[in-house]
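The values are calculated or read from the model by the stated rules, or taken from the named source; none is laboratory data. As the structure is a computational prediction, the values presented were derived from the model and not from experiment. All Cβ positions, even for glycine, are placed from backbone atoms using ideal geometry, and neighbour counts span all protein chains on display. These area figures cover heavy atoms from the full protein model, side chains too; ligands, DNA and RNA do not enter into them. Shrake-Rupley method; radii C 1.70, N 1.55, O 1.52, S 1.80 Å.
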Amino acid sequence: QVQLVESGGGLVQAGGSLRLSCAASGRTFSSYAMGWFRQAPGKEREFVAAISSSGSSTYYADSVKGRFTISRDNAKNMVHLQMSSLKSEDTAVYYCTAGPYAHVRLGTTDYWGQGTQVTVSS
């Protein structure tokens, strides 16, 4: 019973930064872990980052570790993905997801947003 809407995507130069946001509505947002996945054209959906329900634990794909930061604001029912040092390989549609922490890391959650396009130009 969670609805998710991503925003903040756009065009950015390589080496630049961008912050994505995911607004959640519905019941018990604070009880869910949250995560971000991405999908580039012709590619399978790829795990990016996850954060526990309290925000105390985070986990990142090796490809983004040190460059991306996931955070959440339970008071505002929002999750963010701060992306820095962006590369052309980061170009993709980014999706947020919600569910149990283990399921978020695996992408086996039931709740997904519609996605927001991130394009990194060289």
TODO: Could you pull out the residue among S25, S31, S53, S63 that is out of contact with any strand residue (DSSP E or B) (no Cβ under 7 Å at 6 or more places or on another chain) and either of a type in the set (K, R) or at pLDDT below 95 (or both)?
DONE: S31
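Residues R19, R38, R45, R27: which one is of a type outside the set (A, V, I, L, M) and in contact with an Asp or Glu (Cβ under 7 Å, 6 or more places away or on another chain)?
Details: R19 fails: in contact with an Asp or Glu (Cβ under 7 Å, 6 or more places away or on another chain); R45 fails: in contact with an Asp or Glu (Cβ under 7 Å, 6 or more places away or on another chain); R27 fails: in contact with an Asp or Glu (Cβ under 7 Å, 6 or more places away or on another chain).
R38 is the lone residue from the list that is of a type outside the set (A, V, I, L, M) and in contact with an Asp or Glu (Cβ under 7 Å, 6 or more places away or on another chain).
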- [ ] Give the residues of region 1-21 that are open to solvent by 50 Å² or more (accessible area, probe 1.4 Å), assigned to a strand (DSSP E or B) and among the hydrophobic types (A, V, I, L, M, F, W, C), sorted by residue number.
- [x] V5, L11
- [ ] Please state which one of V79, V104, V118 is within 24 Å of V2 (Cα to Cα), touching a helix residue (DSSP H, G or I) at 6+ places or on another chain (Cβ under 7 Å) and hydrophobic (A, V, I, L, M, F, W, C).
- [x] V118
Task: Subset of region 82-103 [open to solvent by less than 50 Å² (accessible area, probe 1.4 Å), within 13 Å of V12 (Cβ to Cβ) and outside any loop (DSSP other than H, G, I, E, B)] - done: M83, S88, D90, A92, Y94
TODO: Scan region 27-41 for residues that are part of a loop (DSSP other than H, G, I, E, B), surrounded by 13 or more Cβ atoms within 10 Å (Cβ to Cβ) and not aliphatic (A, V, I, L, M) and report the count.
DONE: 1
- [ ] Could you please find all residues in region 113-122 being open to solvent by 60 Å² or more (accessible area, probe 1.4 Å) and either within 15 Å of the chain's Cα centre (by Cα) or not polar (S, T, N, Q) (or both)?
- [x] Q114, Q117
Task: Check on R72, on the phi < 0 side of the Ramachandran plot, in contact (Cβ under 8 Å) with a residue 24 or more places away in the chain, of a type in the set (K, R) and in a strand (DSSP E or B) - done: yes
Task: Single unsatisfied condition, A24 versus (1) under 29 Å from S122 (Cβ atoms); (2) surrounded by 16 or more Cβ atoms within 10 Å (Cβ to Cβ); (3) touching a Leu at 6+ places or on another chain (Cβ under 9 Å) - done: (1)
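Of all residues in region 42-65, how many are loosely packed, with under 14 Cβ neighbours inside 10 Å and either without any contact (Cβ under 8 Å) to a residue 12 or more places away in the chain or of a type in the set (S, T, N, Q) (or both)? Spell out how you get there, then give the answer.
Applying the first criterion (loosely packed, with under 14 Cβ neighbours inside 10 Å) to region 42-65 yields 42-44, 54, 56-57, 62, 65.
From what's left, either without any contact (Cβ under 8 Å) to a residue 12 or more places away in the chain or of a type in the set (S, T, N, Q) (or both): 42, 44, 54, 56-57, 62, 65.
Here the count works out to 7.
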